[in-house]
Number of protein chains: 2
Amino acid sequence: MFSFNVEHQDAQSAARSGRISTIHGEIRTPVFMPVGTQGSVKALTPEDLLSLGVEIILANTYHLFLRPGHERIARLGGLHPFMHWQGPILTDSGGYQVYSLGALRKISSEGVSFRSHLDGSNHFLSPELTIQIQEALGSDIAMCLDECTPYPVTYDYARLSHELTRDWAVRCKKAHQKKEQALFGIIQGGTFKDLRKESVEAIMNLGFDGYALGGLSVGEEKAARQEIMAYILPLLPDEKPRYLMGLGTPEDLIEGVGLGADMFDCVLPTRNARNGMLFTRRGSMSIKRAEYAEDAQPVDPDCTCYTCRNYSRAYLSHLYKAGEMLAARLLSIHNLSFLINQTRAMREAIARGNFRQRKKLFIDGYLGGSVKSFV
Amino acid sequence: MFSFNVEHQDAQSAARSGRISTIHGEIRTPVFMPVGTQGSVKALTPEDLLSLGVEIILANTYHLFLRPGHERIARLGGLHPFMHWQGPILTDSGGYQVYSLGALRKISSEGVSFRSHLDGSNHFLSPELTIQIQEALGSDIAMCLDECTPYPVTYDYARLSHELTRDWAVRCKKAHQKKEQALFGIIQGGTFKDLRKESVEAIMNLGFDGYALGGLSVGEEKAARQEIMAYILPLLPDEKPRYLMGLGTPEDLIEGVGLGADMFDCVLPTRNARNGMLFTRRGSMSIKRAEYAEDAQPVDPDCTCYTCRNYSRAYLSHLYKAGEMLAARLLSIHNLSFLINQTRAMREAIARGNFRQRKKLFIDGYLGGSVKSFV
């Protein structure tokens, strides 16, 4: 049903490329998963995603639980037919949104009580319920409920947080029944290496189909994040997918892949697009800048995405300023295309054995605003 | 360059089908023109429009004049490459929006002064300027500046309004130089038949490439509108296209075609879509109604548009309630598909000689909510 095979292991780094199989299709890794928060990757159809080369999307359990409700989606055949996406879907546990969006949240060993950000109604999310919801949605990969440890926290808080995450992982694993759905465990422990190590051991001992590194990109410094990534990723089993949750800048992707990560998700490419921020081979650009108002060039002259093939910076600048919905769509297409192409280029470089050289070129180019590379 | 040929004349009504040729392609009539107010048919790409069978779009001179400016668009090669639409474009004169959106507008025989609805800046639109703007945009069909006579008005006001429109038409015709761009005259005169007749004669005497009936659907009763349409359309020359401005409900289209009209435009299908209102073969429906929240059927079970082929009412209801941009896109696709298919079905019925019978079936079905017909 669910399987993962490493196909190429880079000799000079921990980077690897591989293939995840699910009943809804194969996913080539490293992979970036666009976020379809409410059962829709904002402004895009499934056909748009397929034409970009998207192989898996993420949907948010919290949002779909509150609206339209997982039971309703189940009665309509599950999330795949509901949203007309036939490829693989990963659902998160809902925990992250409970902490970031829910009001009056109260965490106990039993679970989390919170009020809906939509209508203030009271809810209680337990490890068992999150599994029940994800099984009803019918995703291909489900996630355990975790506490996404905030930053900064004390050592004692981080310990309790990882222990809670571990206890909930036990209950999620026990509750999970759907054989064709993979279940991933989540590592917590904040920025404390010994807690992270404890968390890895506890979660690994339970045995999951894949392992996710959670609690990153929550405010910690880049150096601290990279240190944790470099320390923890090698501790995870080679034969299972490694998922870096919530990371999705071009730099994050390349750094993470270099350290052995296989899967990424982030709202950044689509949210940035809706705010006029674009990835390019020479760094990020804001379509809002006055200099683009009469610029006949495409966003990124080296890009072959639908948007860059057909529209000028001037037109996109106009659409953005005029508040036209088409702006969000065209800019989202470009940003997703950029990340999807980057993952494809990384896979190719890993297969060819020149990942490390191209990584350096990419970082020099992307962060230095000069060299073109990787995508 | 620009030509119009009637190909079929219905024996039992004034309905006719034909073909308009422009340097950007052919348009089969009767035709519905989706409105791309700011150089974008909201939420849709040109490829979406082509796949719906759209053959001509309308763009608004007022909006593009204020933002991004016609001179900028001209420097970028004109409106066609700017918005990546290679088919025919009709531009309105800007007059209607000056009256409906501009502040502090003041009409004199010279033209109209107004303040921009965007930034309050002062502008003056004259017959000569509207032609200059439309030539710079490079549309295939330009419209004369008119005063869209409000409703209700006194007889004296309607007379002055039609005389002003006539005088401006003289100046527009004189200012117009672009040979490959057609120029249409506009008939005004309110709901007064003798003034409408005077207007027709004055505008026809000037000689235009097509004739538009303006000042309809501005608040008058349906019976009064139909009376004017039935009275005026037969007075227009058979060999030129007849354009019913601002009319675009399914009923308007079929009534107008039955009276000999060839061209229609309206923001209704796309604006209604953004408000959750849909055309169906059994009348209009609101996707907001609670009964659709778990309805697995498509919007219109007999419709073959992309939206109806792939999405349930339940999913569209969810997208709409969740404020997802995809709702506007999918519902706009359905509504435009409905009108475009209706025009195609009307053309076929005219060619086959059964327009009148099908018109009755359509009206019974659409307004009665029972019979399926025409589209």
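The residue that is surrounded by the most Cβ atoms within 10 Å (Cβ to Cβ), counting only those in the stretch A:320-336 that are out of contact with any helix residue (DSSP H, G or I) (no Cβ under 7 Å at 6 or more places or on another chain) and in a helix (DSSP H, G or I), is A:R329.
Scan the stretch B:76-88 residue by residue and report those that are out of contact with any Leu (no Cβ under 6 Å at 6 or more places or on another chain), open to solvent by less than 20 Å² (accessible area, probe 1.4 Å) and not in a loop (DSSP other than H, G, I, E, B).
If we filter the stretch B:76-88 for residues that are out of contact with any Leu (no Cβ under 6 Å at 6 or more places or on another chain), which is where we start, we get B:76-78, B:80-81, B:83-88.
If we keep only those that are open to solvent by less than 20 Å² (accessible area, probe 1.4 Å) as well, we get B:78, B:80, B:83, B:85, B:87-88.
B:H80, B:M83 - these are the residues of the stretch B:76-88 that are out of contact with any Leu (no Cβ under 6 Å at 6 or more places or on another chain), open to solvent by less than 20 Å² (accessible area, probe 1.4 Å) and not in a loop (DSSP other than H, G, I, E, B).
Take the residues of the stretch A:46-56 that are open to solvent by less than 10 Å² (accessible area, probe 1.4 Å) and assigned to a loop (DSSP other than H, G, I, E, B): which is farthest from A:P269 (Cα to Cα)? The qualifying residue farthest from A:P269 (Cα to Cα) is A:I56. The condition (being crowded, with 24+ Cβ neighbours inside 10 Å, over 23 Å from A:Q177 (Cβ atoms), modelled with pLDDT of 95 or more and within 14 Å of another protein chain (Cβ to nearest Cβ)) is satisfied by just one residue among A:A59, A:A43: A:A43. Name every residue in the stretch A:348-367 that is within 23 Å of the chain's Cα centre (by Cα), farther than 22 Å from A:R19 by Cα and surrounded by fewer than 18 Cβ atoms within 10 Å (Cβ to Cβ), in order of residue number. Of everything in the stretch A:348-367, just one residue is within 23 Å of the chain's Cα centre (by Cα), farther than 22 Å from A:R19 by Cα and surrounded by fewer than 18 Cβ atoms within 10 Å (Cβ to Cβ), namely A:L367.
Within the stretch B:50-78, residues that are without any contact (Cβ under 8 Å) to a residue 12 or more places away in the chain sit with their Cβ atoms under 6 Å from residues that are aliphatic (A, V, I, L, M), at 6+ positions apart or across chains, in these pairs: B:L76/A:A296; B:L76/A:A314.
When you scan the stretch A:164-179, do you find a residue that is among the hydroxyl-bearing types (S, T, Y), touching a strand residue (DSSP E or B) at 6+ places or on another chain (Cβ under 7 Å) and within 20 Å of A:A261 (Cα to Cα), even just one? Give the steps one after another, and end with the answer.
If we filter the stretch A:164-179 for residues that are among the hydroxyl-bearing types (S, T, Y), which is where we start, we get A:165.
Add one more test, that the residue is touching a strand residue (DSSP E or B) at 6+ places or on another chain (Cβ under 7 Å), and what stays is A:165.
If we keep only those that are within 20 Å of A:A261 (Cα to Cα) as well, we get none.
Scanning the stretch A:164-179, I find no residue that is among the hydroxyl-bearing types (S, T, Y), touching a strand residue (DSSP E or B) at 6+ places or on another chain (Cβ under 7 Å) and within 20 Å of A:A261 (Cα to Cα), so the answer is no.
Of the residues in the stretch A:261-269, at least one is among the aliphatic types (A, V, I, L, M), in contact (Cβ under 8 Å) with a residue 60 or more places away in the chain and in contact with a Phe, Trp or Tyr (Cβ under 6 Å, 6 or more places away or on another chain).
I need the full set of residues from the stretch B:23-40 which are in a loop (DSSP other than H, G, I, E, B), within 14 Å of another protein chain (Cβ to nearest Cβ) and open to solvent by less than 10 Å² (accessible area, probe 1.4 Å), in order please. Matches in the stretch B:23-40: B:P34, B:G39, B:S40.
Assess whether A:S93 counts as being surrounded by 24 or more Cβ atoms within 10 Å (Cβ to Cβ), of a type in the set (S, T, Y) and more than 23 Å from B:A293 (Cα to Cα).
Numbers: surrounded by 24 or more Cβ atoms within 10 Å (Cβ to Cβ): yes; of a type in the set (S, T, Y): yes; more than 23 Å from B:A293 (Cα to Cα): yes.
Spelling it out, A:S93 is indeed surrounded by 24 or more Cβ atoms within 10 Å (Cβ to Cβ), of a type in the set (S, T, Y) and more than 23 Å from B:A293 (Cα to Cα).
Restricted to the stretch A:250-290, and to residues there that are touching a strand residue (DSSP E or B) at 6+ places or on another chain (Cβ under 8 Å) and among the polar types (S, T, N, Q), the residue that is farthest from A:R329 (Cα to Cα) is A:S284. If the condition is being assigned to a helix (DSSP H, G or I), buried (at least 17 other Cβ atoms within 10 Å of the Cβ) and within 9 Å of chain A (Cβ to nearest Cβ), then the stretch B:286-314 contributes B:Y306, B:A314. Listed by first and then second residue, the pairs linking a residue in the stretch B:200-218 that is at pLDDT 95 or above and open to solvent by 30 Å² or more (accessible area, probe 1.4 Å) to a residue that is charged (D, E, K, R) and not in a helix (DSSP H, G or I), with Cβ atoms under 7 Å apart and 6 or more places separating them unless they lie on different chains, are B:D209/B:K240.
Among the residues making up the stretch B:253-276, those that are open to solvent by less than 20 Å² (accessible area, probe 1.4 Å) and part of a helix (DSSP H, G or I) are B:L253, B:I254, B:G256, B:V257, B:G258, B:P269, B:T270, B:A273.
Pairs meeting the criteria (first residue in the stretch A:79-90 and within 8 Å of chain B (Cβ to nearest Cβ) and under 11 Å from A:L137 (Cβ atoms), second residue of a type in the set (A, V, I, L, M) and open to solvent by 10 Å² or more (accessible area, probe 1.4 Å), beta carbons under 8 Å, at least 6 apart or on different chains) are A:F82/A:L76.
Taking the conditions exactly as written (over 23 Å from B:Y231 (Cα atoms), among the small types (G, A, S), open to solvent by less than 50 Å² (accessible area, probe 1.4 Å) and outside any loop (DSSP other than H, G, I, E, B)), does B:A136 satisfy them or not?
It is true that B:A136 is over 23 Å from B:Y231 (Cα atoms), among the small types (G, A, S), open to solvent by less than 50 Å² (accessible area, probe 1.4 Å) and outside any loop (DSSP other than H, G, I, E, B).
Any chance the stretch A:271-280 includes a residue that's more than 30 Å from B:T270 (Cβ to Cβ) and either β-branched (V, I, T) or within 23 Å of the chain's Cα centre (by Cα) (or both)? Yes: one or more hits. Residues that are more than 14 Å from chain B (Cβ to nearest Cβ) and of a type outside the set (A, V, I, L, M) occur at least once in the stretch A:315-337.
Considering only the stretch B:221-242, how many residues are in a helix (DSSP H, G or I) and in contact (Cβ under 8 Å) with a residue 60 or more places away in the chain? Total meeting the criteria: 2.
The values are calculated or read from the model by the stated rules, or taken from the named source; none is laboratory data. Keep in mind that this is a model prediction, so the values were computed, not measured. We place every Cβ from the backbone using ideal geometry, glycine too, and count neighbours over all the protein chains shown. What goes into the accessible areas is simple: the full protein's heavy atoms, side chains included, and nothing from ligands, DNA or RNA. Shrake-Rupley method; radii C 1.70, N 1.55, O 1.52, S 1.80 Å.
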